[in-house]
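Heads up, the thing below is written out as structure tokens.
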Amino acid sequence: KTMLTRSKAIPASTKAKVEQGHDRIKQRYVDQDSVFLQHLGITDQQGQIIPSMARKWKQINKFVEIFSGALAQIQSQERGLRIVDFGSGKGYLTCALYDYMQKHGRTPYVTGVELNPKMVEFCQNVAQQSGFNQLDFFQGDVRTYEPERLDVMIALHACDVATDFAIHSGIRLNAQIIMCAPCCHKELRPQLQSPKVLSPMLQFGIHAGQQAEMLTDTIRALLLKAYGYETKVFEFVALEHTSKNKMILATKRKDYEQPDQTVLAQIQALKEMYGIQKHSLELLLNDQWDQQGIGSKC
């Protein structure tokens, strides 16, 4: 049977209140009215997000959100955290991270490392205008900048083996947090000799590229795990924002004493399966790198 139930009409004013009650203010890790956002061209003079920078604004907030979660897992630092951002580019994430920590009462020492001298000059001016007194920028790459201490290592979109050099710097200097979003996975693909059973799948170039990318970053993550880090690999931001959306996040374990031989054996088995002779991060950790040139941020 069809039943019809009548009820009293809800007044327009009450309906509006109900609808507003369901609206949730999305948590932001970066204040939209922060002055550095204007200097970087993300917001206008009224503190509104410039439409063309909306995706960058989302990336910045997601990055700081991930960082804040990792920061809560590490040992508290009495001294100021020493943070290095390799391939800092225009300084979006570098400035956002500094601003976030400063507003939470933990002003760090932050250095952005960038090859492009014009970018370095631009970012240095933004830092000065924003009152970021312990934020500076260095003109060079991961090999030319050699910090004495490193608590947090960041490398977003450092090209090809530059990511390996950055991770190695983090491990070598006992960084508490390592965050990287790799790109340009060129090293392993020419070496790849996939098992015959995979030939039908990998005859397509796009699949072969994805296989090389997955293998490259798997070995990176396993090496971090072997050398004392809790390691996660996950999607950084939605694919619609950037194709370089994978992040490797590693936090230092307190109980680490020596490399995990079981994990190293897993890496060796993968290399043998795919015929891999050379992986830069592994060679760096074994002090076997032959000092060839590296790329920069794409």
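The values are calculated or read from the model by the stated rules, or taken from the named source; none is laboratory data. Since the structure is predicted, the reported quantities are computational estimates derived from the model, not experimental observations. Every residue, glycine among them, receives a Cβ derived from its backbone with ideal geometry; neighbour counts consider all protein chains shown. Calculation scope for accessible area: heavy atoms of the full protein, side chains included, ligands and nucleic acids excluded. Shrake-Rupley method; radii C 1.70, N 1.55, O 1.52, S 1.80 Å.
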Based on what the data block shows, is GLN128 in contact with a Ser or Thr (Cβ under 6 Å, 6 or more places away or on another chain) and surrounded by fewer than 17 Cβ atoms within 10 Å (Cβ to Cβ)?
no
Has the stretch 87-108 got any residue that is open to solvent by less than 30 Å² (accessible area, probe 1.4 Å) and over 19 Å from the mean Cα position of the chain (by Cα)?
no
Of the numbered conditions (1) farther than 29 Å from LYS56 by Cα; (2) in contact with a helix residue (DSSP H, G or I) (Cβ under 7 Å, 6 or more places away or on another chain); (3) surrounded by fewer than 20 Cβ atoms within 10 Å (Cβ to Cβ); (4) of a type in the set (Val, Ile, Thr), ILE219 fails exactly one; give the number of that condition.
(3)
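Among the residues of the stretch 156-177, is there at least one that is within 25 Å of PHE63 (Cα to Cα) and open to solvent by 40 Å² or more (accessible area, probe 1.4 Å)?
So far as the stretch 156-177 goes, yes, one or more of its residues are within 25 Å of PHE63 (Cα to Cα) and open to solvent by 40 Å² or more (accessible area, probe 1.4 Å).
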Can you list residue pairs whose Cβ atoms sit under 8 Å apart, with the first residue in the stretch 190-209 being without any contact (Cβ under 8 Å) to a residue 24 or more places away in the chain and the second being of a type in the set (S, T, N, Q)? Count only pairs 6 or more apart in sequence or on different chains.
LEU198/GLN211; LEU202/SER194; LEU202/GLN211; ALA208/SER194
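Kindly establish whether SER130 is within 22 Å of LEU223 (Cβ to Cβ) and not charged (D, E, K, R).
Taking the combined requirement at face value, the residue does not satisfy it.
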Scan (1) part of a helix (DSSP H, G or I); (2) in contact (Cβ under 8 Å) with a residue 40 or more places away in the chain; (3) more than 30 Å from TRP57 (Cβ to Cβ); (4) touching an Asp or Glu at 6+ places or on another chain (Cβ under 9 Å) for the single condition ALA212 breaks and write down its number.
(2)
VAL113 being within 16 Å of the chain's Cα centre (by Cα), free of Cβ contacts under 8 Å to residues at least 60 places away in the same chain and not in a loop (DSSP other than H, G, I, E, B):
yes
Candidate set: the stretch 15-66, residues that are assigned to a loop (DSSP other than H, G, I, E, B) and basic (Lys, Arg); chosen: the one modelled with the highest pLDDT
ARG28
